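**Student:** I have a structure I would like to understand better, so I am pasting it below and will then ask my questions one at a time.
The values are calculated or read from the model by the stated rules, or taken from the named source; none is laboratory data. Keep in mind the model is a prediction, meaning the values are calculated, not measured. For neighbour counting, all protein chains shown are included, and Cβ atoms are generated from backbone atoms with ideal geometry for every residue, glycine included.
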Amino acid sequence: MANKEIKYNPLNNPFIIVKYFEEELANYAGSKYAVCVDSCTNAIFLCCKYLKVNTVTIPQKTYLSVPQAIINAGGTVILEDLSWEGQYYLKPYPIIDSALRFTSNMYKAETFVCLSFHYKKHLPIGKGGAILTDDYDAYCWFKKMRYEGRNETSYWNDTINEVGFNMYMTPFEAAIGFSLMQNINLINADLCEINGYRNLDEFLLFLNK
């Protein structure tokens with residue numbers, strides 16, 4: 001018996017679930033757009049790259065990857081003795097690290113809010129992150145940069161003209177997130193890091209930064 005020809009239907013794209021999850025996030029948080037990536041760290045990195053950050057001030061007690069994302073994006077870091085709950089700005093930029101806050105209508109206009117979906121967070125996918133924004137140009141740039149600079153077209157028809165990154169969220173993770181969003185509370189209290197964060201200037205990496 002002759003082999004049956006298998007035809008690929010481009011409409012059956014598993015990545016459509018990522019788009020559905022993004023729509024749920026934006027609707028819940030009150031932003032125009034949401035862009036899913038593979039971690040909050042990389043959400044922060046992309047925001048820093050987009051805004052071409054220079055000197056960035058952050059709390060001296062936050063997660064270790066935040067200053068590294070800033071440095072990898074070309075910025076320098078100043079550590080500030082500042083207490084915070086839920087979220088904080090990467091001053092003086094409109095970038096918000098919101099790894100510990102996720103609640104309805106939380107979005108602040110003209111900002112880039114970075115979310116975490118780590119297994120300890122409000123939406124415990126296991127790993128993942130997102131950027132909330134109302135900036136259409138930034139939204140389009142984030143979508144390209146997370147996926148090797150690719151456009152939303154067939155790989156064979158694409159013309160890639162920018163260096164991107166491998167930071168996309170997989171359909172598997174997005175499906176979990178989309179499912180969890182169906183039962184998310186409207187109001188969620190801010191989370192607290194168990195045992196708190198270490199002071200970043202305890203690490204040799206950040207001395208004199």
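**Student:** Examine region 126-134 for a residue that is touching an Asp or Glu at 6+ places or on another chain (Cβ under 8 Å) and surrounded by fewer than 17 Cβ atoms within 10 Å (Cβ to Cβ), and state whether such a residue exists.
**Tutor:** Yes, that holds for at least one residue.
**Student:** Of everything in region 151-180 that's in a helix (DSSP H, G or I) and not hydrophobic (A, V, I, L, M, F, W, C), which residue is nearest to GLU110 (Cα to Cα)? Show your work before the answer.
**Tutor:** Taking region 151-180 as the starting set, the residues that turn out to be in a helix (DSSP H, G or I) are 171-180.
Still in the list and also not hydrophobic (A, V, I, L, M, F, W, C): 171, 173, 177, 179.
Working: PRO171: 28, GLU173: 28, GLY177: 25, SER179: 28 Å.
Checked region 151-180; the qualifying residue nearest to GLU110 (Cα to Cα) is GLY177.
**Student:** Same structure again: Take the residues of region 161-196 that are farther than 21 Å from GLN87 by Cα and among the charged types (D, E, K, R): which is farthest from the chain's Cα centre (by Cα)?
**Tutor:** GLU162
**Student:** Given the conditions (1) more than 21 Å from ALA29 (Cβ to Cβ); (2) surrounded by 10 or more Cβ atoms within 10 Å (Cβ to Cβ); (3) not hydroxyl-bearing (Ser, Thr, Tyr), and given that ILE184 satisfies all but one, which numbered condition is not satisfied?
**Tutor:** (1)
**Student:** Still on this structure: Can you name the residue in region 60-81 that is without any contact (Cβ under 8 Å) to a residue 40 or more places away in the chain and in contact with a Phe, Trp or Tyr (Cβ under 7 Å, 6 or more places away or on another chain) and is also surrounded by the most Cβ atoms within 10 Å (Cβ to Cβ) among such residues?
**Tutor:** Step by step, filter region 60-81, then rank; the result is ALA69.
**Student:** Follow-up. Taking region 190-208 as the search range and keeping residues that are exposed (fewer than 12 other Cβ atoms within 10 Å of the Cβ), out of contact with any strand residue (DSSP E or B) (no Cβ under 9 Å at 6 or more places or on another chain) and not in a helix (DSSP H, G or I), which one is modelled with the highest pLDDT?
**Tutor:** So, considering only residues that are exposed (fewer than 12 other Cβ atoms within 10 Å of the Cβ), out of contact with any strand residue (DSSP E or B) (no Cβ under 9 Å at 6 or more places or on another chain) and not in a helix (DSSP H, G or I), the one modelled with the highest pLDDT is CYS192.
**Student:** Now, a different point. Take the residues of region 96-150 that are in contact (Cβ under 8 Å) with a residue 40 or more places away in the chain and assigned to a helix (DSSP H, G or I): which is farthest from ASN166 (Cα to Cα)?
**Tutor:** Restricting to residues being in contact (Cβ under 8 Å) with a residue 40 or more places away in the chain and assigned to a helix (DSSP H, G or I), the top hit is TYR136.
**Student:** With respect to the numbered conditions (1) in a strand (DSSP E or B); (2) under 14 Å from the mean Cα position of the chain (by Cα), which one is the sole condition not fulfilled by ILE78?
**Tutor:** Condition not satisfied by ILE78: (2).
**Student:** Given the condition touching a strand residue (DSSP E or B) at 6+ places or on another chain (Cβ under 6 Å), modelled with pLDDT of 95 or more, surrounded by 15 or more Cβ atoms within 10 Å (Cβ to Cβ) and among the hydroxyl-bearing types (Ser, Thr, Tyr), answer yes or no: does some residue in region 169-176 qualify?
**Tutor:** So far as region 169-176 goes, no, none of its residues is touching a strand residue (DSSP E or B) at 6+ places or on another chain (Cβ under 6 Å), modelled with pLDDT of 95 or more, surrounded by 15 or more Cβ atoms within 10 Å (Cβ to Cβ) and among the hydroxyl-bearing types (Ser, Thr, Tyr).
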